[in-house]
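Since the structure comes first, as C-alpha cells, the remarks are kept for the end.
The values are calculated or read from the model by the stated rules, or taken from the named source; none is laboratory data. This is a predicted model, so every value here is computed, not measured. Please note: Cβ atoms are built from the backbone with ideal geometry, for glycine as well, and neighbour counts cover all protein chains shown. For accessibility, only protein heavy atoms count, side chains too; no ligands or nucleic acids. Shrake-Rupley method; radii C 1.70, N 1.55, O 1.52, S 1.80 Å.
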Amino acid sequence: MLGRVESEVERDGNIQRETRYYVSSAALSAAMFGRVVRAHWGIENNLHWQLDVSFREDECRVRTDHAPANLSVIRRFALGLLKRETSCRRGIETKRLKCAASDDYREKALFNT
C-alpha cells in the first residue's frame, strides 16, 4: 500500500506545506491509515522532544566512532528509568538534575526502590 499525507501548519503568519509518503504491507482504510500515521508521529515527537529538552541531545557535538550511538543508548536508558521513577512528581529534566545532586535519589531512580 502507498499512502500520502499532506500537512499544513501556520507559524508566525506563514503557511508551511509538507507532503510525506508512506509504504506499508498492510491494507488499511484511509481512516485507519490516518490514525496509524498520527500515532507514529506522536510517539516520535514525544520521544525526540524529551531527549532534546531534557538531555539537550541536539546540542551534543560528539560525532566520532561509536560515541554518538553509545550516548544515544545511554540517554534512552536514562529516560526510561526517569519515567519509571514516580516518587518525584516533576519533569524529566528536574529528575535528571536531582539524580546528579543526590546519591539517594539516584539510587531510587536506578533500582526503583
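Which of the residues belonging to the stretch 53-62 are surrounded by 13 or more Cβ atoms within 10 Å (Cβ to Cβ) and of a type outside the set (S, T, N, Q)? Of everything in the stretch 53-62, those that are surrounded by 13 or more Cβ atoms within 10 Å (Cβ to Cβ) and of a type outside the set (S, T, N, Q) turn out to be Val53, Phe55, Glu57, Cys60.
A count restricted to the stretch 63-97 and to residues that are open to solvent by less than 60 Å² (accessible area, probe 1.4 Å) and among the basic types (Lys, Arg) stands at 2. A search for C-beta distances below 6 Å between a residue of the stretch 18-43 that is among the basic types (Lys, Arg) and any residue that is at pLDDT 90 or above, counting only pairs 6+ apart in sequence or on different chains, returns Arg20/Val5. Checked against (1) in a helix (DSSP H, G or I); (2) closer than 17 Å to Ser54 by Cβ, Cys88 passes all but a single condition, namely (1).
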